[in-house]
Amino acid sequence: MDCDLVIVGGGGAGLRAALAATLADPGLDIVLVSKVVPMRSHTVAAEGGAAAVLRDDDSFAQHFDDTVSGGEWLCDQRAVEAFVAACPQELIQLERWGCPWSRQDDGRVQTRFFGGMRVQRTWFAADRTGFHMLHTLFQTSLRHPSIRRHDEFFCTDLLVDEHGLAGVLGVDIARGTPVLYRARAAVLATGGAGRVYAHNTNAGIVTGEGMALAAVHGVALRDLEFVQWHPTALPGSGILITEGCRGEGGLLLNAEGRRYLQDYDLGPPDPWPRPRAMELGPRDRLSQAFWHEDRARRTVTTPQGSAVLLDLRHLGAERLAERLPMISEVARRFLGIDPVTTPIPVRPAVHYTMGGVATGLDGATALPGLFAAGECASTGIHGANRLGSNSLAELLVFGRAAGEAAAAWSRNAPSAAGGSLLREAQARAGQAYALLAEGHQAGRPRVAELRTAMHAAMEDGVGIFRDAEGMQRACQALAELRARYRAGVALDDRSRSFNTEWLAAIELGHALQVAETIAHAALARRESRGAHRRRDAWSARDDANFLVHSLAYCDPQAAPRIEHVPVTLTRSAPGERSYGGAGARVALD
Ligand SMILES: Cc1cc2nc3c(=O)[nH]c(=O)nc-3n(C[C@H](O)[C@H](O)[C@H](O)COP(=O)(O)OP(=O)(O)OC[C@H]3O[C@@H](n4cnc5c(N)ncnc54)[C@H](O)[C@@H]3O)c2cc1C
């Protein structure tokens with residue numbers, strides 16, 4: 001199929017990129033490919049809100065400072081400057097397309113506190129922000145016939161020639177037939193990789209596809225060692241209980257009923273004009289504090305493991321119904337408890353990949369014609385720890401930038417090659433089909449077996465706290481798993497139509513690539529910063545040697561190669577993060 005631009009991913013970033021491309025050039029023929037119907041993308045699950053400077057007591061400088069200090073100065077400051085300045089216009093644009101932001105009584109947009117943000121900066125639509133944002137983008141995309149949707153098409157590979165990107169390979173999931181999208185420009189918007197861990201808040205489809213697709217063709221993955229644990233997910237299922245709960249005033253209590261965060265050093269004394277952060281501290285520190293409480297046996301025991309208690313009772317039935325209706329429903333449906341009368345048991349779970357495909361501010365990667373945006377990409381704005389609600393804004397700001405840049409690129413690119421490309425496509429597609437053809441051979445491991453072993457290796461060696469021995473163990477285990485995967489996996493289902501076992505096998509190959517990269521990038525960072533916290537000789541931050549991004553170059557046959565490059569600083573010299581730990585007794589490392 002010939003087209004001008006392929007967008008891989010129908011989540012917030014993919015839809016925003018498609019809209020930007022068609023608005024920039026209505027004549028472009030755009031194909032939006034998604035392995036699920038766009039409204040099932042993980043963006044739909046986002047709850048708490050999207051950040052943008054709105055209030056009089058806020059400023060771009062404060063949004064910049066919160067983001068950069070929250071990311072422990074590993075943020076690319078040029079990218080953060082561009083980001084904070086573009087957020088408000090993007091959220092206003094979404095409003096014009098129909099997004100029902102929650103309102104104050106006088107009609108102005110309502111905002112709430114979020115972790116690590118000094119002022120109320122998070123716009124929300126009750127606690128279904130992602131749902132409303134995705135609906136808004138999706139319904140707007142329907143107005144543009146030049147965006148052709150290929151729902152339930154699964155991308156398996158990229159095609160590259162001497163000019164750069166030449167096409168994208170996929171499978172029509174309903175029919176099982178291969179598809180070649182011949183185009184000179186593509187935007188990867190495939191989301192994060194939380195599913196490489198066992199306990200996570202992510203949808204089952206969030207398996208790191210785009211990162212692996214780009215990495216296989218030599219594009220660097222940046223800062224993958226920084227994996228965010230969200231401090232409040234349900235034990236067992238990992239269903240997220242939004243930070244918005246704490247933004248609305250929710251408290252975290254240990255088994256003794258104590259607001260235990262007052263005991264932890266979340267940072268030096270708070271210069272902010274409000275009480276110290278506690279529950280509204282950043283996610284990395286809150287997750288680390290849970291780990292300590294658990295070790296000290298001050299957590300409660302649930303059938304799905306230990307937990308602390310999120311107490312919302314004092315907010316009252318009316319406020320819970322207005323501001324946190326989905327959370328109230330989740331607690332009732334999945335736990336059988338009513339948060340009006342009973343605290344919710346919560347624990348940390350993997351939530352977000354701070355790193356991703358290395359891109360510039362326009363989403364361009366090192367491969368000409370290949371762009372990336374959203375959670376699969378890394379412009380460098382999150383540094384070592386993303387602040388909640390910066391991601392939904394990022395999808396819009398950088399989804400738009402990537403869409404516009406890809407549109408411009410495709411207008412000027414040489415036309416795609418003919419026969420040789422088709423032969424190359426057939427050869428590469430053959431690899432996915434070989435898996436299907438050979439999958440019935442006896443003695444091979446099943447997808448679930450390898451996936452469970454990958455989860456165990458990641459939870460064991462590359463968790464909330466890390467040490468050299470554990471990370472080495474993980475690297476070793478993942479290398480073995482990848483070798484076993486390459487030798488072939490067993491598939492029972494040999495049909496072509498909706499063969500989810502086969503697709504899960506392809507996803508597993510990509511996830512293993514990403515998991516191994518996370519482990520190696522983590523091992524190579526001999527310091528502690530943000531979400532990467534070591535409990536060995538490198539438990540301190542080391543600006544002299546590690547104020548650097550990691551760049552991982554993947555090799556299909558060997559371990560990833562890790563390089564380090566300096567971080568771009570513009571206005572903020574590295575300092576201490578302050579979240580108001582005055583009087584705290586327990587250090588977090
Ligand atoms: C439970 C939860 C709550 C969150 N709440 C917030 C919040 O309140 N505020 C905030 O800022 N952030 C939040 N986040 C983070 C934020 O929602 C995500 O970072 C963001 O939505 C990712 O959007 P995306 O467009 O990059 O990817 P996604 O929305 O994950 O979409 C990925 C798309 O790629 C497609 N795809 C993937 N692989 C392939 C393939 N091989 N072939 C074809 N298609 C493919 C999928 O079908 C999908 O359409 C939350 C995340 C979670 C998990």
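The values are calculated or read from the model by the stated rules, or taken from the named source; none is laboratory data. Predicted model only: the values in this text are computed from it and were never measured. Glycine gets a Cβ as well: all are built from the backbone with ideal geometry, and neighbour counts include every protein chain shown. Surface areas here come from the heavy atoms of the whole protein model, side chains and all, with no ligands, DNA or RNA. Shrake-Rupley method; radii C 1.70, N 1.55, O 1.52, S 1.80 Å.
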*Filtered residues of segment 236-268 (kept if within 16 Å of the ligand (Cβ to nearest atom) and open to solvent by 10 Å² or more (accessible area, probe 1.4 Å))*: G236, S237, I239, L240, G247, E248
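Please state which one of F83, F114 is part of a loop (DSSP other than H, G, I, E, B), under 21 Å from the mean Cα position of the chain (by Cα), crowded, with 18+ Cβ neighbours inside 10 Å and in contact (Cβ under 8 Å) with a residue 24 or more places away in the chain. Show your work before the answer.
Values: F83 fails: part of a loop (DSSP other than H, G, I, E, B).
When all the criteria are applied, what remains is F114.
Return a yes/no flag: does segment 438-447 have any residue that is under 20 Å from the mean Cα position of the chain (by Cα) and either at pLDDT 95 or above or open to solvent by less than 30 Å² (accessible area, probe 1.4 Å) (or both).
No - not one qualifying residue is present in segment 438-447.
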_Search result, residues across segment 395-409 that are touching a Phe, Trp or Tyr at 6+ places or on another chain (Cβ under 7 Å) and either open to solvent by less than 10 Å² (accessible area, probe 1.4 Å) or not assigned by TED's automatic domain parsing to the domain that holds E209 (or both)_ = A402, A406
*With respect to Q62, is the statement that it is away from the ligand (no atom under 16 Å from the Cβ), open to solvent by 50 Å² or more (accessible area, probe 1.4 Å) and over 20 Å from F226 (Cβ atoms) true?*
no
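Quick grid of which residues meet (1) surrounded by fewer than 22 Cβ atoms within 10 Å (Cβ to Cβ); (2) within 25 Å of the chain's Cα centre (by Cα):
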residue	(1), (2)
E469	yes, no
L512	no, yes
S528	no, yes
R533	no, yes
A537	yes, no
L547	yes, yes
*Given the structure, is A521 touching a residue at least 12 places away in the same chain (Cβ under 8 Å) and farther than 20 Å from R561 by Cα?*
no
*Restricting attention to segment 117-141, which residues are open to solvent by 30 Å² or more (accessible area, probe 1.4 Å) and within 10 Å of the ligand (Cβ to nearest atom)?*
R128
*Single residue of segment 23-38 satisfying the filter (within 15 Å of the ligand (Cβ to nearest atom) and assigned to a loop (DSSP other than H, G, I, E, B)) that is surrounded by the fewest Cβ atoms within 10 Å (Cβ to Cβ)*: V37
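Among the residues that make up segment 528-540, is at least one of them on the phi > 0 side of the Ramachandran plot and in a loop (DSSP other than H, G, I, E, B)? Give the steps one after another, and end with the answer.
Quick first cut of segment 528-540, residues on the phi > 0 side of the Ramachandran plot only: 530.
Filter once more, keeping what is in a loop (DSSP other than H, G, I, E, B): 530.
Looking for residues that are on the phi > 0 side of the Ramachandran plot and in a loop (DSSP other than H, G, I, E, B), one finds at least one in segment 528-540, hence yes.
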*asked:* Which count do you get for residues in segment 332-343 that are free of Cβ contacts under 8 Å to residues at least 24 places away in the same chain, part of a loop (DSSP other than H, G, I, E, B) and on the phi < 0 side of the Ramachandran plot?
replied: 2
*Residue that is over 24 Å from R529 (Cβ atoms), open to solvent by less than 10 Å² (accessible area, probe 1.4 Å), β-branched (V, I, T) and in contact (Cβ under 8 Å) with a residue 60 or more places away in the chain, where the choices are V357, V346, V350*: V346
*Given the residues D555, D589, which is the only one that is within 24 Å of the chain's Cα centre (by Cα) and modelled with pLDDT under 95?*
D555
_Every residue from segment 196-211 that is more than 10 Å from the ligand (Cβ to nearest atom) and open to solvent by 10 Å² or more (accessible area, probe 1.4 Å)_ = A198, H199, G204
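Out of segment 494-510, which residues are in contact with a helix residue (DSSP H, G or I) (Cβ under 8 Å, 6 or more places away or on another chain) and either buried (at least 16 other Cβ atoms within 10 Å of the Cβ) or closer than 17 Å to T452 by Cα (or both)? Steps first, please.
Taking segment 494-510 as the starting set, the residues that turn out to be in contact with a helix residue (DSSP H, G or I) (Cβ under 8 Å, 6 or more places away or on another chain) are 494, 496, 499, 501-502, 504-510.
Listed by number, the residues that qualify are R496, N499, E501, W502, A504, A505, I506, E507, L508, G509, H510.
Output the number of residues of segment 42-51 satisfying the condition of being within 6 Å of the ligand (Cβ to nearest atom) and open to solvent by less than 10 Å² (accessible area, probe 1.4 Å).
First, the residues of segment 42-51 that are within 6 Å of the ligand (Cβ to nearest atom): 42-43, 45-50.
Narrowing further to those that are open to solvent by less than 10 Å² (accessible area, probe 1.4 Å): 48-50.
Counting residues in segment 42-51 that are within 6 Å of the ligand (Cβ to nearest atom) and open to solvent by less than 10 Å² (accessible area, probe 1.4 Å) gives 3.
Given the residues L224, L213, L252, which is the only one that is part of a helix (DSSP H, G or I) and at pLDDT 95 or above?
On the way: L224 fails: part of a helix (DSSP H, G or I); L252 fails: part of a helix (DSSP H, G or I).
None of the other options fit; the residue is L213.
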*Can you run down the residue pairs with Cβ atoms below 7 Å, 6 or more apart or on separate chains, where the first is in segment 1-21 and farther than 20 Å from R40 by Cβ and open to solvent by less than 10 Å² (accessible area, probe 1.4 Å) and the partner is part of a helix (DSSP H, G or I) and of a type in the set (D, E)?*
A20/E404; A21/E404
*Within segment 142-166, tally of residues that are in contact with a strand residue (DSSP E or B) (Cβ under 7 Å, 6 or more places away or on another chain) and within 14 Å of the ligand (Cβ to nearest atom)*: 10
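Just checking: which of the helices (runs of 4 or more DSSP H) contained wholly in segment 362-473 hold 2 or more residues that are aromatic (F, W, Y)?
Numbers: elements: 390-412, 419-438, 447-461.
Because the criterion is at least 2 residues that are aromatic (F, W, Y), the helices (runs of 4 or more DSSP H) in segment 362-473 that meet it are 390-412.
Does V171 satisfy the condition of being within 14 Å of the ligand (Cβ to nearest atom) and touching a residue at least 24 places away in the same chain (Cβ under 8 Å)?
Values: within 14 Å of the ligand (Cβ to nearest atom): yes; touching a residue at least 24 places away in the same chain (Cβ under 8 Å): yes.
It is true that V171 is within 14 Å of the ligand (Cβ to nearest atom) and touching a residue at least 24 places away in the same chain (Cβ under 8 Å).
Determine, yes or no, whether V68 is at pLDDT 95 or above and not in a helix (DSSP H, G or I). Steps first, answer last, please.
Numbers: at pLDDT 95 or above: yes; not in a helix (DSSP H, G or I): no.
So V68 does not fit the description; no.
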